[in-house]
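All remarks here apply to the structure that follows.
A short reminder: the numbers here are calculations on the coordinates, not readings from a lab. Every value quoted in this text rests on a predicted model; they were computed, and no experiment measured them.
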Amino acid sequence: MALIDEIREALVVGNAPKITELVQKALGEGVTALGILNEGLVKGMDIVSEKWKAGEYYIPNVLIAARAMKQGMEIIKPKLVQGDYKAKAVAVAGTVKGDLHDIGKNLVVMMMEGAGFEVIDLGTDVPTEKFIETAREKNADLILMSALLTTTMMAMKDVINSLKESDLAGKVKTMVGGAPITQKFAEEIGADGYAPDGSSAVECAKNLPGQAA
Ligand code: B1M
């Protein structure tokens with residue numbers, strides 16, 4: 001079996017030690033970090049999602065897989081540097097209030113850092129004010145928000161509205177993403193950018209007006 005398939009299978013069963021071993025081996029054999037991420041880890045997590053939807057997996061199964069994913073991501077993180085782009089931009093990132101999902105957000109943060117952005121990661125369940133306060137304190141250029149639950153999507157709008165009413169209006173751009181988020185929703189809530197995945201998040205951030213390109 002190809003190494004990448006083994007990584008995917010180890011992710012699906014949440015075997016973190018095996019993930020560590022296989023990811024290191026794959027890097028040693030010249031498989032790219034992006035290949036390991038997209039073809040191994042993310043595809044493995046897609047299978048986990050399907051199993052959960054089908055009722056074959058329960059929350060502990062998903063958590064174990066999430067832990068294995070995190071471990072794999074930590075190993076490839078230093079290798080995910082893309083090109084020689086060096087952004088001057090500072091971004092504040094987080095999963096919005098009420099939402100504890102962080103795998104996708106962590107991926108986006110990792111890709112942004114790899115592309116040269118300085119990212120302050122506020123973690124999950126981030127209150128509206130925390131995004132604004134941190135952006136002000138760190139003189140940030142961007143606020144990156146992730147949401148995975150339909151019930152927490154509207155928290156993104158709260159952040160955008162608070163930003164518009166603050167002294168940071170027009171200075172700090174916003175970008176949104178996450179499984180239930182669409183371009184249409186992003187436009188409706190007045191976000192400056194939307195991206196469906198980590199790579200396009202980097203492109204979107206680079207192309208927002210005011211960013212160092
Ligand atoms: Co949750 N969960 N979960 N969960 N979970 C979903 C989201 C769900 C769709 C599963 C389902 O029912 N089919 C469903 C939401 C349904 C809905 O809202 N309509 C759901 C539910 C219901 C719940 C709970 C309520 C379950 C419960 O307790 N009864 C609960 C809520 C907890 C809370 O947040 N308050 C819950 C809990 C959990 C776990 C803790 C078990 C675990 C999270 C572990 C963790 O994150 N540390 C978990 C997981 C893993 C999932 C699924 C299976 C997988 C999510 C994931 O990590 N995907 C998910 C099913 C699914 O999405 N199909 C599900 C992989 C990840 C790489 O993709 O996060 O989409 P994603 O990120 C992508 C893009 O979206 C994009 O880039 C990433 C890379 O490509 N992206 C951005 C993300 N953020 C971005 C930001 C950007 C740009 C792009 O710019 C700023």
Helix-only CD estimate at 222 nm, as mean residue ellipticity for the chain, using -39500 (n - 2.57) per DSSP H run (n ≥ 4): -15000 deg cm²/dmol
Give me, ordered by chain and number, the residues 5 or more places off residue 174 or on other chains with an amide H under 5 Å from its own placed amide H. 143, 192, 193
So which of 138/184; 18/79; 18/53; 70/206 end up more than 22 Å apart, counting from Cα to Cα? 138/184; 18/53; 70/206
Rounded to whole Å and sorted largest first, what semi-axes of the equivalent ellipsoid does the C-alpha gyration tensor of segment 20-136 yield via the square root of 5 times each eigenvalue? 26, 23, 9
So who's got an amide H within less than 5 Å of the one on residue 153, skipping anything under 5 residues away but keeping other chains? H placed 1.01 Å off N, in plane. none
Rounded to whole Hz, the Karplus (6.51, -1.76, 1.60) HN-Hα couplings of segment 9-16, x for glycine and proline: 5, 5, 5, 4, 8, x, 8, 4
Dimensions (Å) - the chain, Cα atoms, principal axes, largest first: 55, 41, 27
Counting only Cα, what are the radius of gyration and maximum Cα-Cα distance Dmax of segment 102-213, in Å? 12.6, 35
